[in-house]
Structures are given as structure tokens and as C-alpha cells.
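One structure is given below, encoded as C-alpha cells.
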Amino acid sequence: MILSEYRGNTMFNLTGKTAVITGASRGIGKAIAMKFAKQGANIAFLHIFDAENAAQTEKELAELGVKVKGYECDVSDFNGTKAAIEQIIEDFGEIHILVNNAGIIRDGLMLSMKEEDFDKVINVNLKGTFNMTKGVYQHFMKKRRGRIINIASVVGINGNAGQSNYASAKAGIIGMTKSVAKELASRGVTVNAIAPGFIATDMTASMPEKAREAAIAAIPMKKAGQVEDIANTALFLASDEAAYITGEVIKVDGGMAM
Ligand code: NAP
């Protein structure tokens, strides 16, 4: 390769691709949407409660010159996600990348955890990933290409006291990632997971101050990760450069789960 070609390199280029990202009205999902859009991808994103944030995200993405549309849809609603994906295919023509990012926490020791807190976390995090993956499965199979990136957590690998519901959902996502990767590998579809550690978002801001300090103290790098750290990894996995990687779980955690 000559140097001028290298300088103008188009690595991680997503021009002409459409990415569907769940939970992209804020936090990690929004950072992934912005990163993908900067690399030329059109963005369809799902959100649920916060219409104001969603409108702001839509505006910021549109300013990057790509096609963008937000869809109000609860990822835990099977029929709702099916309808949303059909609508996205109608609006955008096709889908190339799915990022299952939407997630919630309802922390508490199992001793006091309510059944509804267990069910809610499983339904949004794990069943939501199933619903969305099932929604694009045939579309990707027929096109013989596609990228699925699931946002898990180091908690799904190591467990965490007070998060048995969340750890179960995230461990389930890792199992689902590897299973679907095996199902779709021969169809040119890759399925990978990212396991973030402690990332500065609304989710971690909601933790009690002491718990937050203790979590950061336990990180070898002694600092929280930024949403861009996750977005960079997602971009790599979505890109042509990661074509031969599937069924992988990449920890992005400052060494937290070594
Ligand atoms: P966040 O700031 O709380 O944002 C959550 C996003 O998910 C929001 O866009 C929210 O939409 C959306 N959402 C929640 N429930 C939904 C539902 N039922 N249907 C559709 N969208 C829904 O969270 P975050 O910290 O960015 O986390 C993003 C992902 O990373 C989650 O899967 C989380 O478990 C994972 N993760 C985060 C960390 C961390 O340290 N932050 C660590 C490990 C893993 P609205 O704005 O409409 O409410």
C-alpha cells in the first residue's frame, strides 16, 4: 500500500450500512449511534421513556448527514419489536447491523429481591436481546450477511452481590451470543458481545456514592470507562475489519474482570 492510500484510509467505514441500536437515546447506546454515524452509517434507534432525549439524539445524528429515525418501542415486547423491525426495513430498505444495548438494573440482594424486579431485568435485558435478534434473524440469513453486537457486562462473567437478576440476564446474553454465532456463522453473520466494566452513564450515576467509589477503587486502571470506550469496540465489531470474529466476548473494563 502506498503512503497516500494509507493516509486516506477508510478503515471501519460503515457508509451505506444501516444500524439498528436499542436504547440509543442516551448513554452507551447513544455513543455507539454517534460513532457509527460518524463512520457513515444510517441509524434506526429504539428508546422507550425519554422522548426529549430521543429527539435530541435524533437531531445530533441528523446533523452528521446520515439518515436517522428513532422508534418508541419496548424491547421486551415481542410483537412490538417485530413490528418495529418490519417498519425499519420499510423505512431504510435493509438492516446490516443490530446492536442490542437497551438494559436496566433493579439491584438488591436476593433475600429482598422482588419477583417483579427479577422478571423485569430478565425481560428487558435478555428477552429484549432475543426479541430483536429473532426479528433480524431471517433478514440476515437471506442476505447472507449481518452483524449482531450484544452489550453484556463483566457482571455476567464474574457475578456481583446485589445483582443476581442482572448477572443472570447478562450471562444469558453471553450464552445466546455464542449459540446464535454458531447458528449463523456459515451464513456470513457474526454475533459478538461486549462486556463493559464500570462506565460513566446515568446507570452508574444512580448508584450510591460509596458503592461507586468502591467500584472504581477495584478497577486496576482506577477510573471509570467512558461511553466512547464501548463505542470504539462496537465500531470494530461492526466493521469489515472484524469479519472473521464471531462468538467472542470482549471485556472493556480497565482490567476489572482480569
Ligand atoms: P442508560 O444510560 O441507563 O441507558 C439505557 C438505555 O436503554 C436508554 O436509552 C433507555 O431508553 C433504554 N431502555 C431501557 N429500557 C428499555 C426498554 N424496555 N426498551 C427499549 N429501550 C430501553 O444505560 P447505559 O449505562 O448506557 O447501559 C447501556 C447498556 O450497557 C445496558 O445493557 C447495560 O446493562 C450495559 N452496561 C452498562 C454498564 C455501565 O457501567 N454503565 C456496565 C456494563 C454493562 P430511555 O432513555 O427511553 O429510557
Within the range 145-180, restricting to residues that are of a type in the set (D, E, K, R) and surrounded by 18 or more Cβ atoms within 10 Å (Cβ to Cβ), the one that is nearest to ALA215 (Cα to Cα) is LYS170
Residue hits (the range 49-71; acidic (Asp, Glu) and under 14 Å from ASP202 (Cβ atoms)) are ASP50, GLU52
Going through (1) without any contact (Cβ under 8 Å) to a residue 40 or more places away in the chain; (2) under 16 Å from the mean Cα position of the chain (by Cα); (3) more than 24 Å from VAL227 (Cβ to Cβ) one by one, GLY135 fails only at (1)
Quick check, is GLY254 surrounded by 19 or more Cβ atoms within 10 Å (Cβ to Cβ) and under 18 Å from ILE157 (Cα atoms)?
-> yes
GLY197 vs (1) more than 17 Å from GLY255 (Cα to Cα); (2) modelled with pLDDT of 95 or more: all pass except (1)
With the first residue restricted to the range 12-29 and required to be within 16 Å of the ligand (Cβ to nearest atom), and the second required to be of a type in the set (Gly, Ala, Ser) and in a loop (DSSP other than H, G, I, E, B), Cβ contacts under 8 Å at 6 or more apart or on different chains are ALA19/ALA41; THR22/ALA102; GLY23/ALA102; GLY23/GLY103; GLY29/GLY23; GLY29/ALA102
For helices (runs of 4 or more DSSP H) lying entirely in the range 201-241, having 1 or more residues that are at pLDDT below 95, within 10 Å of the ligand (Cβ to nearest atom) and hydrophobic (A, V, I, L, M, F, W, C) picks out 202-205, 209-217
Picking from ALA257, ALA181, ALA169, the residue that is assigned to a loop (DSSP other than H, G, I, E, B) and touching a Gly at 6+ places or on another chain (Cβ under 8 Å) would be ALA257
Within the range 138-195, of all residues that are within 16 Å of the ligand (Cβ to nearest atom) and among the hydroxyl-bearing types (Ser, Thr, Tyr), the one farthest from ALA102 (Cα to Cα) is SER164
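The values are calculated or read from the model by the stated rules, or taken from the named source; none is laboratory data. Model, not experiment: these values are computed from the prediction. As a convention, Cβ positions derive from the backbone with ideal geometry for all residues, glycine included, and neighbour counts pool all protein chains shown.
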